[in-house]
Amino acid sequence: MSKISKTNKKRTIKVKDENIDYSDIPELNEAFFQNAEVRLPTKQSVTIRLDRDVLMWFKGQGKGYQSRINKLLRIYMNAHQ
């Protein structure tokens, strides 16, 4: 992370659960979960050139190799933000 947190962590840790004000956060009840939807990031089709041995290694891992490549790229992206 490039931004420094301004949260007073020592003070926050000392707060007891019963002293936390949740009045502005609705409780998640059964009705909420009946209507809830999982939304994944949309995928975009691209053409990418990979070294043959790299592609063959990923394909050799079985079905879902493109998702695994995407997952590794996301990990790299998050580590370098």
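Readers should treat all values here as calculations from the given coordinates under stated rules, not as data from a laboratory. This structure is a prediction, so every number in the text was calculated from the model and none was measured. For neighbour counting, all protein chains shown are included, and Cβ atoms are generated from backbone atoms with ideal geometry for every residue, glycine included.
At a glance:
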item	result
Residues of segment 57-72 that turn out to be surrounded by 10 or more Cβ atoms within 10 Å (Cβ to Cβ) and either in contact (Cβ under 8 Å) with a residue 60 or more places away in the chain or not polar (S, T, N, Q) (or both), as a count	9
Residues within segment 15-51 that are closer than 30 Å to TYR65 by Cβ and either basic (Lys, Arg) or surrounded by 10 or more Cβ atoms within 10 Å (Cβ to Cβ) (or both), tallied	4
Hits in segment 1-50 (condition: of a type in the set (S, T, N, Q) and in contact (Cβ under 8 Å) with a residue 40 or more places away in the chain)	SER2
VAL54 being without any contact (Cβ under 8 Å) to a residue 24 or more places away in the chain and surrounded by 10 or more Cβ atoms within 10 Å (Cβ to Cβ)	yes
All positions within segment 26-81 that are among the aromatic types (Phe, Trp, Tyr) and under 24 Å from the mean Cα position of the chain (by Cα)	PHE32, PHE33, PHE58, TYR65, TYR76
Residue list for segment 24-81, filter: in contact with a helix residue (DSSP H, G or I) (Cβ under 7 Å, 6 or more places away or on another chain) and basic (Lys, Arg)	LYS59, ARG68
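Each row is one residue, and each column tells you yes or no for (1) in a helix (DSSP H, G or I); (2) among the basic types (Lys, Arg).
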residue: ILE4; (1), (2): no, no
residue: ARG11; (1), (2): yes, yes
residue: GLU18; (1), (2): yes, no
residue: ASP21; (1), (2): no, no
residue: ILE25; (1), (2): no, no
residue: GLU37; (1), (2): no, no
residue: SER45; (1), (2): no, no
residue: LEU50; (1), (2): no, no
residue: ASP53; (1), (2): yes, no
